[in-house]
Amino acid sequence: MKKPSHKKRAQTGGGSASGDGALAANSYGIVDYRLEKPDYRVVEVARNGEVSYEVRGDLSAPVPPIRQSKYLTPKQHIEIYRWMLLNRRMEAALENLYKQGKVVGGVYFGLGQEACSCASAYALRKEDWLAPMIRNQGSLLVKGFSARDIMMQYMAKAGSPTQGRDASSHFGDIVERNVAAPISMLGDLIGVMAGVALGARYQGRNIACMTYIGDGGQSTGIFHESLNFAAVQKLGLVLIVENNLWGYSTPAERQFAIKDLAQRAIAYGIPGVIVDGTDACQVYDASHEASERARRGEGPTLIEAKMMRMKGHAIHDAAQYVPRPLLEYWQKRDPIARFEDYLVKAKKWLAPAENHALIDDVEKQLETDRNFAEASPMPAPEAAAGGVYCDGTCHEIKPKYGVKAPKAKAAAAKPKESKEAVHLK
Ligand SMILES: Cc1ncc(C[n+]2csc(CCOP(=O)(O)OP(=O)(O)O)c2C)c(N)n1
Ligand SMILES: [Mg+2]
């Protein structure tokens, strides 16, 4: 079979040129949605025996505009904007709850990454699956968890998704919302999502299975094994590589030697796409195209979202090692402020009064959820021993989508063995 060129493959995932400028594939065949390509490097400098980081390069470029979406309606833009606001303000509320001593454990933030979490999950349908990582609290909101669920989880309340057994965002819902819980071992969720896609295919369905991995986590062996497996099997994996420039205190420059993490896609023969992770429209368009490709059964897509982790690794980390000019550069590229300006000033899809009403509404919802979460009880001590082993009563294990119903005429006859069943023997 004739192999398609990189360029052709990349275009399948990257879509056609339209709107405000053509999408071009670079020399590697990676489609780049960005309207700005920052040109700087973080370098290590040793002073008085202490290592610190500095930025070299031009940080004076003007803030890029939001790229016009090829797919989103004005109403959908406003919905995504609302999710992003809820994401950010919920995390601000969590920070306060932590400072009041009401959170058990730490708090992880997705500050500066709200567009990436919310606009990507927004591209999923109800039957699609999501496997968030700890910073993707916005994705959880979009996929149907409430701020109340997340706050109660952080406070380890009896009514939280894990009934107080985990005190951060390691929870999911495999029955209603199709959300696989984050796995602490970085990279493992990729294989899990590939498996979910394979399971769905055995049940006659092609669905999109979205998960995330960081610039740090993408170095793990399981990342490569899982992505290769998904590529070979043409599974509907939508892998978002969140390049937020830091893995704990390790800068991206000390983590990998290639220029763009999207280039990893070339090694697996799948489309690779780069987006500005602070631009909700770019994130949505790339996620939508990748999800559609997944639903057509054409295989995985790797999307690199470039952005910056705007807080420390978690609440305990003041991130003193991050060079201030770099932080200031990305502060100007705030995903919510820019999206707000785009909707209110540039497009005028949201009148200033409507915007204020929307913000008030988000705050009111958060207040109700926070009050409920604070007032709800802690679990009974004896409950701690429950839920450790699956004893057959906790949840039913059955095919999610059912097996394709056999045709009425053939029903009485011995069912023909599927190719997969023969293979498994
Ligand atoms: C396989 C594995 N190695 C190390 C860790 C410890 N660890 C947890 S988070 C983290 C940093 C992750 O950085 P990155 O993947 O860039 O994600 P980010 O925190 O920036 O979102 C590390 C090293 C882990 N959980 N799993
Ligand atoms: Mg990172």
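Before moving on, here are some points about what is shown:
- Shape of the range 151-290, Cα gyration tensor, a/c cut at 1.5: oblate
- Net charge of the neighbourhood of GLN137, taken over other residues with C-beta under 12 Å away and scored Lys/Arg +1, Asp/Glu -1, is +1.
- Rounded if a/c under 1.5, otherwise prolate or oblate - the range 153-226, Cα gyration tensor axes: oblate
- Of the residues GLN113, GLY236, ALA180, the one whose Cα sits farthest toward the positive end of the charge dipole of the chain, with +1 on the Cβ of Lys and Arg and -1 on the Cβ of Asp and Glu, is GLY236.
- Kirkwood hydrodynamic radius computed over the range 23-380 comes to 20.7 Å, based on all pairs of distinct alpha carbons.
- Whole-angstrom gap from the range 87-112 to the range 200-245, using each part's C-alpha centre: 29 Å
- Once backbone amide H atoms are built at 1.01 Å from N, ALA24 has ASP32 as its partners under 5 Å, excluding neighbours fewer than 5 places away on the same chain.
- Relative to the Cα centre, the charge distribution of the range 42-142, modelled as +1 at Lys and Arg Cβ and -1 at Asp and Glu Cβ, gives a dipole magnitude of about 420 debye.
- Here the label points at LEU59 and ALA267, each 7 Å from Cα along the C-beta direction, are separated by 3.1 nm in the simple model.
- In order along the range 341-358, the phi-based Karplus estimate (6.51 cos²θ - 1.76 cosθ + 1.60, θ = phi - 60°) of 3J(HN,Hα) comes to 4, 4, 6, 8, 8, 6, 8, 6, 7, 10, 6, x, 5, 5, 4, 4, 5, 5 Hz; Gly and Pro are listed as x.
- The residues neighbouring GLN218, those whose beta-carbon lies less than 10 Å from its own, together hold a net charge of -2 under the Lys/Arg +1, Asp/Glu -1 convention.
- For the range 23-380, relative contact order (Cα pairs under 8 Å, six or more residues apart, normalised by length) works out to 23 percent.
- Per residue, the chain reaches -11000 deg cm²/dmol at 222 nm when only DSSP H runs of four or more residues are counted, each adding -39500 (n - 2.57).
- A Förster radius of 35 Å combined with the Cβ-Cβ distance from SER184 to SER376 puts the calculated FRET efficiency at roughly 0.85.
- Residues whose amide H falls under 5 Å from that of TRP129, counting only those 5 or more places apart or on a different chain, are ALA208, CYS209, MET210, with hydrogens built in the peptide plane.
- Total charge dipole magnitude, the range 23-380, about the Cα centre, Cβ charges on Lys, Arg, Asp, Glu only, Debye to nearest 20: 400 debye
- Each residue, ALA385 and VAL344, gets one label point 7 Å from its Cα in the Cβ direction; the gap between the two is 5.6 nm.
- Backbone phi angles across the range 114-121, fed through the Karplus curve with coefficients 6.51, -1.76 and 1.60 (θ = phi - 60°), yield HN-Hα couplings of 5, 5, 5, 5, 6, 6, 6, 5 Hz in residue order; Gly and Pro are listed as x.
- Working note: Karplus 6.51/-1.76/1.60 with θ = phi - 60° gives the range 161-169 the couplings x, 9, 6, x, 8, 9, 10, 9, 9 Hz, where Gly and Pro are set to x.
Throughout, read-outs are computed from the coordinates displayed, never taken from laboratory work. Everything quoted here is computed from the prediction, not taken from an experiment. In this analysis, Cβ positions are derived from the backbone assuming ideal geometry, glycine residues included, and neighbour counts consider all displayed protein chains.
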